[in-house]
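Step one of this worksheet: look at the structure below.
Read-outs throughout are calculated quantities, based only on the coordinates presented, and are distinct from any laboratory measurement. Quick caveat, the model's predicted, so the values are computed rather than measured. Here Cβ is always computed from backbone atoms with ideal geometry, including for glycine, and neighbour counts include all displayed protein chains.
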Amino acid sequence: MTVEQMYAYAKEKYAKWSIDVEQAMTTLKEIPISIHCWQGDDIGGFEVNKSELSGGIDVTGNYPGKARSPKELRADLEQALSLIPGHHRVNLHALYAETNGEAVDRDELKPAHFKNWVDWAKKMNIGLDFNPTLFSHPKAQNGLTLAHPKEEIRQFWIEHCKKSRKIAAYFGEELGTPSLMNIWIPDGFKDIPSDRLTPRKRLKESLDAIYKETLNQSHVLDAVESKVFGIGSESYVVGSHEFYMGYALKNNKIYLMDTGHYHPTETVSNKISSMLLFSDVVALHVSRPVRWDSDHVVILDDELKEIAIEIIRNDAIDKVKIGLDFFDASINRIAAWTMGTRNMVKALLYALLMPHDLLKRYQDEGNYTARLALLEEFKTYPFGAVWDYYCQQMNVPVGEAWLEQVELYEKNELLIRN
């Protein structure tokens with residue numbers, strides 16, 4: 001059967017439940033995913049004085065072809081974007097500044113250091129998001145930044161975050177779409193702390209100083225990201241879930257939930273509905289934790305589907321900012337981008353092709369038999385046929401055909417780098 005024939009069959013199957021497949025695809029086209037640039041070079045960045053990775057972050061593997069320059073990284077991103085259906089965004093970290101060989105410390109960064117990224121984004125017609133980089137730096141080596149007991153260290157990182165907000169605002173103004181500026185810090189202790197309150201008090205005061213200046217929300221959206229533990233902060237993390245959720249709600253900031261930043265028995269999908277009741281906007285970093293925050297490439301697993309379902313069935317497309325955050329150097333990096341992003345988009349399509357109103361009614365009526373039965377049956381509905389048709393309509397490879405293009409790019413470009 002052809003793609004069109006399989007699509008026609010699927011469309012008929014879904015129509016029995018009053019599901020408009022055409023409308024589902026139209027909606028899907030308008031959901032942007034923020035694709036993280038750091039998968040392409042193992043979070044190396046382009047600072048003149050590079051530091052070793054720190055802050056509980058580790059990238060394993062040495063697959064050939066890592067991007068060595070901004071030009072190579074942008075070329076690799078273009079290749080990945082050409083294989084992913086939809087209109088998406090790119091997420092940058094501060095260490096991806098371009099300073100023309102000049103050593104510019106992070107508290108001195110300016111929008112001009114990201115002009116090449118903005119020019120590229122204009123050419124690609126995409127938005128940019130941003131993150132201050134509070135790790136892999138001499139002033140973050142002891143595991144404390146915004147919560148550091150020394151005021152001069154805190155002030156350095158406060159200034160870095162202030163400059164990062166200005167850079168994000170520059171992105172938003174130049175590109176005509178708000179830039180999400182997300183703060184994550186590695187601060188914490190390996191062993192049992194003797195004082196949990198004071199570091200959190202210092203973090204709160206640092207954040208207050210960072211956000212003291214009001215910036216145009218049509219240009220920049222401020223977000224904060226929590227974590228439960230990391231390498232070197234196994235016993236205590238200053239920026240915990242409770243801390244950042246409280247701070248975000250009290251100070252009208254966006255709370256960002258990373259799918260790897262909670263206890264293994266917790267799921268972000270279960271938190272979305274609660275956050276939507278109290279926040280106008282929430283943000284996600286979608287990853288795949290394997291036993292801990294290991295940032296594996298996103299696959300189409302049950303949790304990814306549940307996250308997408310929570311967004312769709314709660315009419316939260318405009319309220320949830322979806323970003324990705326994984327890094328794997330053991331496989332082709334462009335393939336990692338492509339697989340992870342395509343799977344996020346697949347999950348959203350899967351969620352769009354479900355009879356949510358009917359399932360909600362069954363629950364309210366106490367008809368749990370019909371609810372469970374339908375949830376199970378829809379797992380094997382022909383959503384894959386709709387996905388193939390959607391990819392064809394969006395002029396990207398259907399099925400696994402994208403892998404051929406990645407392999408060709410690897411042969412002609414990536415292997416030459418090594």
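Taking the Cβ-Cβ separation of VAL3 and ASP191 as r and a Förster radius of 60 Å, what is the calculated FRET efficiency to the nearest 0.05? So, using R0 = 60 Å, E works out to roughly 0.55. The relative contact order of the stretch 32-352 comes to 20 percent, based on Cα pairs under 8 Å that sit 6 or more residues apart. For the stretch 338-386, the residue among ALA347, ASN367, TYR381 whose Cα projects farthest onto the positive side of the dipole built from Cβ charges is ALA347.
Across the stretch 1-44, the residues whose backbone nitrogen lies under 13 Å from the label position 7 Å along the beta-carbon direction of GLU377 are 13-18. Toward the positive end of the charge dipole of the chain, about the Cα centre and with charges on Cβ (Lys, Arg +1; Asp, Glu -1), which of TRP292, THR133, HIS263 goes farthest? Final value for the positive-end residue is THR133. Computed from point charges on the beta carbon alone (+1 for Lys and Arg, -1 for Asp and Glu), the dipole magnitude for the stretch 129-286 about its Cα centre is near 320 Debye. Among HIS263, HIS285, HIS87, which one moves the most in a GNM of the chain with springs linking Cα atoms closer than 10 Å? Most flexible of the set in this elastic network: HIS263. Largest mean-square fluctuation among ASP222, ASP76, ASP301, in a Gaussian network model of the chain whose springs join Cα atoms under 10 Å apart, belongs to ASP301. Quick one: among ASP195, ASP58, ASP302, which has the greatest mean-square fluctuation in a GNM of the chain with alpha-carbon springs under 10 angstrom? Highest fluctuation of the listed residues: ASP195. Ordering ASN49, VAL59, ALA8 by Cα displacement along the dipole of the chain toward the positive end leaves ASN49 in first place; charges were set at the Cβ atoms of Lys, Arg (+1) and Asp, Glu (-1).
Can you classify the stretch 311-358 as rounded, prolate or oblate using the Cα gyration tensor, where a ≥ b ≥ c are the square roots of its eigenvalues, rounded means a/c under 1.5, and otherwise it's prolate if a/b beats b/c and oblate if not?
Details: a/c = 4.56, a/b = 2.26, b/c = 2.02.
Cα axes put the stretch 311-358 in the prolate bin.
Full extension of the chain segment joining ASP107 with ALA75 gains 8.7 nm, where the gain is 0.36 nm per residue of separation less the Cα-Cα distance.
Could you give me D for the chain, from Stokes-Einstein at 25 °C and 0.890 mPa s, where the hydrodynamic radius is the Kirkwood radius over C-alpha pairs? Units µm² s⁻¹, please. Walk me through the numbers on the way to the answer.
Values: Rh = 22.3 Å.
Using the Kirkwood radius from Cα pairs, D works out to 110 µm²/s.
Only Lys, Arg, Asp and Glu carry charge here, each on its Cβ (+1 for the first two, -1 for the last two); on that basis the chain has a dipole of about 600 debye about its Cα centre.
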